[in-house]
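Engineer: For reference, the structure I am asking about is given below.
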Amino acid sequence: MIEEKFVSLISGGIDSPVAAWMIFSKGYTPIFVFFDNYPFTGETTKQRVVNSVEKLKECMPSAQAKLYIIPHGEDLADILRNCPRNLTCILCRRMMYRLAREIAEMENADVLVTGEIIGEHASQTLRNLCVAGTAVEDVGILRPLLCFDKYEVENLGRKIGTFSTSTSSALCCSAPPKEPRTQARMDEVIKAEQRLDLAYMVQRNLAKTESISI
């Protein structure tokens, strides 16, 4: 039987570990990817992710869980320096999808899985999710929590044991704008990305990516 893998974008928050659990509980193998936004977040965020993966591993049939840690702070700095401030989170998300797509190709994984929920953040309106998703066209993006509310996700987090870890102390990302764009247009996003060397950014991050087994 062929092992089917998926790349799980895990942030250390409440949602992404639950989304990963929903997919791997169906018999698929997760490859976890964490985007380290330091210095826009603290070191405690990375540790919270490691703790979340350790807890998820208890529910997994495999002996080890693989976690890629991708440095993403330089990307955010480039976006903040060169692009419209109100598009920061959408451009950040598109960059994360591109990098996760590279990991998926390396790992022979079929899809990306995220913990995104409609309307939870300004970058997660229906329009913005659609715009963000066009960054990758040769890999699917699954959002198993898309129509969940926070209460449902928290209950699942408690059920699988990740809730307490996900709510432990950690610094939130300081990059989001005060007035984010909630209905981004594709043309303005493409125009903003023309100010970035996307290919270089992808290769820069992959060269510094760390892979660990948990």
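The values are calculated or read from the model by the stated rules, or taken from the named source; none is laboratory data. Every value quoted in this text rests on a predicted model; they were computed, and no experiment measured them. Cβ atoms come from the backbone with ideal geometry, glycine included; neighbour counts cover every protein chain shown.
Engineer: Counting only residues that are under 14 Å from the mean Cα position of the chain (by Cα) and in a strand (DSSP E or B), which one in the stretch 1-30 is surrounded by the fewest Cβ atoms within 10 Å (Cβ to Cβ)?
Structural biologist: Phe6
For every residue, the table says whether it meets (1) of a type outside the set (S, T, N, Q); (2) in contact with a His (Cβ under 6 Å, 6 or more places away or on another chain); (3) exposed (fewer than 13 other Cβ atoms within 10 Å of the Cβ); (4) over 24 Å from Val111 (Cα atoms).
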position	(1), (2), (3), (4)
Glu137	yes, no, yes, no
Val153	yes, no, no, no
Pro176	yes, no, no, yes
Gln194	no, no, yes, yes
Met201	yes, no, no, no
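Engineer: Only residues that are among the β-branched types (Val, Ile, Thr) and over 17 Å from Ser16 (Cβ atoms): list them for the stretch 117-170, please.
Structural biologist: Thr125, Val131, Thr134, Val136, Val139
Engineer: Please verify whether Val33 is β-branched (Val, Ile, Thr), over 21 Å from Thr134 (Cα atoms) and crowded, with 17+ Cβ neighbours inside 10 Å, treating the condition exactly as stated.
Structural biologist: No: the conditions fail for Val33.
Engineer: Return the pairs, sorted by first residue and then second, in which the second residue is surrounded by fewer than 14 Cβ atoms within 10 Å (Cβ to Cβ), the first residue lies in the stretch 115-141 and is more than 21 Å from Cys172 (Cβ to Cβ), the beta carbons are less than 6 Å apart, and the residues are 6+ apart or on different chains.
Structural biologist: Pairs that qualify, where the first residue is more than 21 Å from Cys172 (Cβ to Cβ) and the partner is surrounded by fewer than 14 Cβ atoms within 10 Å (Cβ to Cβ), are Arg127/Gln183; Val131/Met186.
Engineer: Just to verify a result, which residue in the stretch 43-55, among those that are within 24 Å of Leu206 (Cβ to Cβ) and not basic (Lys, Arg), is surrounded by the most Cβ atoms within 10 Å (Cβ to Cβ)?
Structural biologist: Looking at the filtered set, the residue picked out is Ser52.
Engineer: If you go through the stretch 118-138 one residue at a time, how many are on the phi < 0 side of the Ramachandran plot, at pLDDT below 95 and in a loop (DSSP other than H, G, I, E, B)?
Structural biologist: 6
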